[in-house]
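What follows is a single structure, written as structure tokens, with notes after it.
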Amino acid sequence: MKPTLAGYARASTIAEATAWLAEADGDAKVIAGGQSLMAAINMGLGGDTRLIDINGIEALKGIRLEGDRLVIGALTRHAELGRHPLIAEHAPLLTRAVPLIAHEAIRTRGTIGGSLSHADPAAELPACVLALDALIRISGPGGEREVAADDFFEDVYVTDLAQDEIVTAISLPLAAAKEAQLIRELSRRAGDFALAGIALVRRPSGHRVAFFGTGPRPMLGRSVMAALDAGDLAAALAAVPEDIDPQSDPHASAAYRRHLASVLLRRCLEDLAA
Amino acid sequence: MTIDFGNPNRPNSYIGRTVPRPNAPRLVQGRGRYVDDITLPRMLHLAFVRSPWGHAKITAIDTTEAAACDGVRAIFTGQDLLPHCTPWVAVLAHLKGLKSAPQHALALDRTCWVGEPVVAVVADSRAEAEAAAALVNIDYDELPVVTQIRTALDPETPVIHPDLGDNLAFRREHVQGDVEAAFASAHKVISASFKTGRHTGVTLEPRGCLADWNPAEGKLTVWQGTQAPHMIQTVLATHLGLEESRVRVICDDVGGSFGIKVHVYPDEVATAAIAKVLGRPVKFIADRLESFISDIHARDHEIDGRIAVDENGKILAFDIDDWTGIGPYSVYPRTSAIEGNQVVNLCGGPYDFANYRARTSVVLQNKAPTCQYRAVGHPIATAVTEGLVDLAAEALNMDPAEIRRRNFFRDDAYPATSPANMRFEGLSHQATMDKLLEMMDYEALRRDQAAAREKGIWRGIGLASFIELTNPSPFMYGIGGARISAQDGATVRMDPDGSVVVLSGVTEQGQGTEAMLSQVVAEGVGVRPDQVRVITGDTQVTPYGGGTWASRGAGIGGEAALQAALALKGAILEVAGAMLQCAPESLSINDGQIVDLESGAGRMPLSELGRVVYFRGDTLPKGLPRELVQTRHFITMEYPFAFTNGAQASYVEVDRETGFVKLLKHWCVEDCGRVINPQLVDEQIRGGIVQGLGGALYEECLYDEHGQMLNGSMADYLVPMAVEMPDMQIAHVETPTAESLLGAKGAGEAGTAGAPAAVMNAINDAIRPSGGRILQMPMTPERILRAMGTLSD
Amino acid sequence: MSDLFQTETQIRLMVNGQKVKARVRVGQHLTDFLRQELGLTGSHAGCEHGVCGACTLRVNGEITRGCLMLAAQADGAEVETIEGLTERGVIADLQQAFVHRNALQCGFCTPGMLATAADLLARGGVPGREVIRDHLSGNYCRCTGYEAIIDAVETVARARAEALK
């Protein structure tokens, strides 16, 4: 179908974008890379929406170190994320995740801020920032705030963002020496959304495990993490079902997704042991 | 005239060689001309409001709001279009008992599937037409839907078309021999139930047409991506009340067909009718979302099968009960009973056995209509046959290759007639299987499989032999009353510069028809292929013909072109003889030159002959024939169909924990008779295999109990992509048909016919240690895991 | 507020090396703009939801889905389509390899496939077949079964690497 829009505006500053969002009072959407939003609009799922284009906002760009944190601008494209040396050094999970995201012609345009804001429960980056214990930086008319990734993702396509807020950056702790960061997923075809996936971080302070494709949002495997911290691998594997909440859909049943999540965890543990 | 095909060094030996496709350089430069690339002055665009219900009564249509939208020029309901376009009923006389209901271009008072066109909105742009279409208000009363195949005939199931009496569109049972006795006396009897998923073609270029009515000329011109321009011409003339000669159908580049573009679609007929009403060009291009619910679907079958074998693995009998759901209407004009009929015709095809019973029950349902899609019925019949043969081999503890060898029609047994009454002129199952096993190094592969299994890796080898129906005679459609030509024609002309033009009734869909025609004509006349210009796809210009379907383009269109080319050569030589004052029989044409037949010495370029004929005809003897244009037609007469055969093998690895299948390699040996262009044939096979693998592993139109399609987008209907597909090794055995000089049979569907069976057998071979088996397509990882018993909840 | 959101907007961009100034509906995607306003019909709309890859082209040197970008968003961008790539001659070897290997049948996917393959080849070296398959994983071809396409890309990669020696 042909996209229909009720209006389009280019914002050049964060303040402008959030002010316009506030003014639109729920009647406008932010477009960044647009790789999910445009597809939805082209499928007639967007209604007669208005778009605020944030691609021109310089403050949303760039990857940099801020003290002991790695800060990724919300407009960072997946392709840039995948090849950036600071990411490879301090958050290799993201470097490994990028090739799993869709296809190159999507990765050149899709952004990390857009992916997190869209909050597809089967997407890689939301699970990665959850596993990395990231803070999501958010701006609104009332100012800036940071929210932990674990509190950011609420439901299918639902986040903690108010309708007049945008994600401006993602702030991550730097990977410690000997920290292990893994991602595994199973998708029917290369680049498809995962039937099930897992992002796992083992750092001195403990394990963080995030499942994706197996619930209404990327889910932290709290029982699994506790068992892993206790060194009980068998208990970790047994705990998978209680940490996730998969639904059946035309692509896979909940039971199959549960099964795959367990298989993936075991394979990650084998990777860690290797 | 004959051609010494056995001699690769003969002059002008283009038949049998890979020559480049004349249209390919254009396509790689983005200079194709597909329907949507054509823009006409004052052109309008169409968008359809389609039924959101599987079955519903239309109680009111309000177009007021839509009509007020910017850019909207007209809106048509079914009632509005009724005076301009008659309905159709898709039946064929030779499919006895086939029944269907009248179908209109736009639904009149009732919709029967989600996606049926109800209202057409015409606007200055497609975007405006879509925006207005969203504002058309239609009130529906929902009616009960029929979605299940096996219960479609139950008394408590509602009847979709009450006038028909029941939901049974067609049933045919064929019995040969004493089936019950064979099963009663058999050493082993194996029964199994199969399912093939409902597929659709997903041509990358969506369906579309551009219709332009010129009232001054009283003439309708339609640009359409179609496989059968003359058939479309006939149909539009019939239902729009025009003389056939007043309709011109032009088919430029087509972005994939696979059978999807050989049918008559209500939205396309509506487009032509609306163009006629408005007197302006009207374009309709389906978007992908409407393609999924309005393109034909196919292969929605459930089959119960039985095989009886003796102690030596000799097949005693097959017993097949096929059920298929075709949607609410039989599709015009080829009908939706052909696929089930093919299953009856093709099961057991490669094997010489005595007792056969097969029945197909074709039922109506409230889903998108199904019809002929690449390799019509073949993948189903082959999967059922080869699945049962493998199960028999397993029961006998016999190697799958061996049981096939013991049952094939012998290569020296032809002509032969199958238990399904199919007549085979000449096939090569034994040679084909031998070549396949050698090419794949079957024994080494078995050792690799065993070594892998020792390590806990489950690999499997699957074999599938098959027959394929090509080069159809009028027995396919014509005898049933359809105006679908089994004959095809070619006109070959020499122009003053010595170059040659061929106009053919078969069409180019990307398979390489233009290259095939250029090389056949080049050899026939005696010029280089690049001196042959090819014109296809215009009913006003080309000889009348059937077009491209059922693997007939090369075998029938190619033969017509060859005969026309040879006739032109004869005509040229007659003029040359007069000019050179020697017997025409002492001359030939080689590489664009008149030459001495014996010595090969050049006598005169064709351009000189052209100069004299066209500009100095006064110098030629009075009364000398000088017709440098020749037309020939060809139709098969001896056999209803030219059957081909082949064998495929698949090597797979199944992840025991996830059910994921990795396709390690695929092989195919097939026999399409004379191979005209080896590269094009091989690529048809490869593309066909992958299309078959798509159906076997990924593709399925999923519906809920309300008749809603659940996965109607490219994100959800999974087609084969590059990463998961294997490399494929292709080889040939050549058993030319004696019906034509060319000796070519069809090759375009063989890959699709055999691949699903091969990969199904390979997966079952891989998971054999689990004791489970999977006979339902697509074989998704989850279904495989459930078949293995690994997943039970 | 109503002034902020436009329903039409002026864009200036470079298309195939030529300056283009146009007024577009904000709801028009880039592929339709190129096809309908500029007559660049080499970019094909196969699904319009970003999956099939037929509309893949270059924006600012990077491959992009034309259907997942508004024409309005191309303001200031450099856009290159199959027509531009052909004119510049930069993929002539790849186009020739596609023809030679018959790595196309109907040709509808081909412009997007070429743009994607060219993107991989521009990185240099000789990628393995798995890498080629992965890079092309977002481009649907119903006709060929992909193998001929992989062969053609591999052949060009080898030839280019050889030429550098």
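For the stretch C:94-109, give me the residue count where each residue is facing another protein chain (nearest Cβ under 7 Å) and touching a residue at least 24 places away in the same chain (Cβ under 8 Å).
Selection size over the stretch C:94-109: 7.
Any residue in the stretch B:235-245 that is surrounded by 24 or more Cβ atoms within 10 Å (Cβ to Cβ) and part of a loop (DSSP other than H, G, I, E, B)?
No, because not a single residue in the stretch B:235-245 is surrounded by 24 or more Cβ atoms within 10 Å (Cβ to Cβ) and part of a loop (DSSP other than H, G, I, E, B).
Test of understanding: among B:Ile320, B:Ile315, which residue is surrounded by 23 or more Cβ atoms within 10 Å (Cβ to Cβ), out of contact with any Phe, Trp or Tyr (no Cβ under 6 Å at 6 or more places or on another chain), in the same structural domain as B:Ser418 (by TED's automatic domain parsing) and over 28 Å from B:Leu143 (Cα atoms)? Steps first, answer last, please.
Numbers: B:Ile315 fails: out of contact with any Phe, Trp or Tyr (no Cβ under 6 Å at 6 or more places or on another chain).
Exactly one of B:Ile320, B:Ile315 is surrounded by 23 or more Cβ atoms within 10 Å (Cβ to Cβ), out of contact with any Phe, Trp or Tyr (no Cβ under 6 Å at 6 or more places or on another chain), in the same structural domain as B:Ser418 (by TED's automatic domain parsing) and over 28 Å from B:Leu143 (Cα atoms), namely B:Ile320.
Which numbered condition in (1) within 14 Å of chain C (Cβ to nearest Cβ); (2) closer than 21 Å to A:Val147 by Cβ; (3) crowded, with 24+ Cβ neighbours inside 10 Å is the only one that A:Ala91 fails?
Status for A:Ala91: all satisfied but (1).
Mind listing whichever residues of the stretch A:187-221 are under 15 Å from the mean Cα position of the chain (by Cα), hydrophobic (A, V, I, L, M, F, W, C) and over 18 Å from A:Leu93 (Cβ atoms)?
A:Phe193 - this is the single residue of the stretch A:187-221 that is under 15 Å from the mean Cα position of the chain (by Cα), hydrophobic (A, V, I, L, M, F, W, C) and over 18 Å from A:Leu93 (Cβ atoms).
Just for strands (runs of 3 or more DSSP E) wholly inside the stretch B:115-182: which have at least 1 residues that are among the basic types (Lys, Arg) and either touching a Phe, Trp or Tyr at 6+ places or on another chain (Cβ under 6 Å) or under 20 Å from B:Trp323 (Cα atoms) (or both)?
Per the criteria, B:168-176.
Spot the failing condition for B:Arg26; the list is (1) assigned to a loop (DSSP other than H, G, I, E, B); (2) surrounded by fewer than 24 Cβ atoms within 10 Å (Cβ to Cβ); (3) within 14 Å of chain C (Cβ to nearest Cβ), and only one is missed.
Result: B:Arg26 passes all but (1).
What residue, of A:Arg217, A:Arg257, A:Arg266, is under 29 Å from B:Leu718 (Cβ atoms), in contact (Cβ under 8 Å) with a residue 24 or more places away in the chain and surrounded by fewer than 20 Cβ atoms within 10 Å (Cβ to Cβ)?
A:Arg266
Restricting to the stretch B:198-212, name every residue that is under 18 Å from the mean Cα position of the chain (by Cα), among the small types (Gly, Ala, Ser) and away from every other protein chain (no Cβ under 12 Å).
none
Filter the stretch B:746-779 down to residues that are within 24 Å of the chain's Cα centre (by Cα) and in a helix (DSSP H, G or I), then give me how many there are.
11
Taking the conditions exactly as written (more than 30 Å from B:Met721 (Cβ to Cβ), surrounded by fewer than 18 Cβ atoms within 10 Å (Cβ to Cβ), modelled with pLDDT under 95 and of a type outside the set (Lys, Arg)), does A:Ala177 satisfy them or not?
Considered against the rule, which asks whether it is more than 30 Å from B:Met721 (Cβ to Cβ), surrounded by fewer than 18 Cβ atoms within 10 Å (Cβ to Cβ), modelled with pLDDT under 95 and of a type outside the set (Lys, Arg), A:Ala177 comes out as yes.
Among (1) more than 8 Å from every other protein chain (Cβ to nearest Cβ); (2) farther than 21 Å from A:Arg189 by Cβ; (3) small (Gly, Ala, Ser), where does C:Gly128 come up short?
(2)
Can you name the residue in the stretch A:159-174 that is surrounded by 19 or more Cβ atoms within 10 Å (Cβ to Cβ) and either of a type in the set (Asp, Glu) or within 14 Å of another protein chain (Cβ to nearest Cβ) (or both) and is also farthest from A:Ala105 (Cα to Cα) among such residues?
Residue satisfying both the conditions and the ranking: A:Asp164.
Any chance the stretch C:66-80 includes a residue that's assigned by TED's automatic domain parsing to the domain that holds C:Cys141 and acidic (Asp, Glu)?
Checking the stretch C:66-80: not a single residue is assigned by TED's automatic domain parsing to the domain that holds C:Cys141 and acidic (Asp, Glu).
Determine whether B:Gly305 is crowded, with 21+ Cβ neighbours inside 10 Å, among the small types (Gly, Ala, Ser) and touching a Leu at 6+ places or on another chain (Cβ under 7 Å).
Yes.
Take the residues of the stretch B:676-692 that are of a type in the set (A, V, I, L, M) and in a helix (DSSP H, G or I): which is nearest to the other protein chains (Cβ to nearest Cβ)?
B:Val690
Out of everything in the stretch A:182-207 that is away from every other protein chain (no Cβ under 14 Å) and buried (at least 24 other Cβ atoms within 10 Å of the Cβ), what residue ends up being farthest from B:Pro781 (Cα to Cα)?
Selected residue: A:Val201.
Let me confirm something: among B:Ser551, B:Ser586, which residue is modelled with pLDDT of 95 or more, among the hydroxyl-bearing types (Ser, Thr, Tyr) and either surrounded by fewer than 24 Cβ atoms within 10 Å (Cβ to Cβ) or touching a Leu at 6+ places or on another chain (Cβ under 9 Å) (or both)?
B:Ser586
Taking the stated definitions as given, is B:Gly340 in a helix (DSSP H, G or I) and of a type outside the set (Ser, Thr, Tyr)? I'd like the intermediate steps shown before the answer.
Numbers: in a helix (DSSP H, G or I): yes; of a type outside the set (Ser, Thr, Tyr): yes.
Yes; evaluated as a whole, the condition is true for this residue.
In this structure, is B:Ser51 of a type in the set (Gly, Ala, Ser), surrounded by fewer than 17 Cβ atoms within 10 Å (Cβ to Cβ) and away from every other protein chain (no Cβ under 14 Å)?
no
In the stretch B:714-745, what residues are more than 8 Å from chain C (Cβ to nearest Cβ), in a loop (DSSP other than H, G, I, E, B) and among the aliphatic types (A, V, I, L, M)?
B:Leu718, B:Val733, B:Ala738, B:Leu741, B:Leu742
Test B:Met579 against the criterion of being assigned by TED's automatic domain parsing to the domain that holds B:Val501 and either farther than 17 Å from B:Asn12 by Cα or in contact with an Asp or Glu (Cβ under 8 Å, 6 or more places away or on another chain) (or both), and give yes or no. Walk me through how you get there before you give the answer.
Details: assigned by TED's automatic domain parsing to the domain that holds B:Val501: yes; either farther than 17 Å from B:Asn12 by Cα or in contact with an Asp or Glu (Cβ under 8 Å, 6 or more places away or on another chain) (or both): yes.
Answer is yes for this residue.
Taking the condition of being buried (at least 24 other Cβ atoms within 10 Å of the Cβ), out of contact with any Ser or Thr (no Cβ under 6 Å at 6 or more places or on another chain) and within 11 Å of chain B (Cβ to nearest Cβ), how many residues in the stretch C:58-93 meet it?
Of the residues in that region, 2 qualify.
Mind listing whichever residues of the stretch A:48-80 are away from chain C (no Cβ under 14 Å), more than 20 Å from A:Gly140 (Cα to Cα) and crowded, with 22+ Cβ neighbours inside 10 Å?
Passing the criteria: only A:Leu70.
What strands (runs of 3 or more DSSP E) lie completely within the stretch B:450-513 and have 1 or more residues being in contact with a Phe, Trp or Tyr (Cβ under 9 Å, 6 or more places away or on another chain) and either surrounded by 24 or more Cβ atoms within 10 Å (Cβ to Cβ) or not assigned by TED's automatic domain parsing to the domain that holds B:Ser770 (or both)?
Working: elements: B:458-470, B:488-494, B:500-504.
Those strands (runs of 3 or more DSSP E) span B:458-470, B:488-494.
Tally up the residues in the stretch A:32-47 that are out of contact with any Lys or Arg (no Cβ under 7 Å at 6 or more places or on another chain), touching a residue at least 40 places away in the same chain (Cβ under 8 Å) and more than 8 Å from chain C (Cβ to nearest Cβ), please.
4
The values are calculated or read from the model by the stated rules, or taken from the named source; none is laboratory data. Just so we're clear, the structure is a prediction, and the values are computed from it rather than from any experiment. A quick note on method: Cβ atoms are made from the backbone with ideal geometry, for glycine too, and the neighbour counts reach across all protein chains shown.
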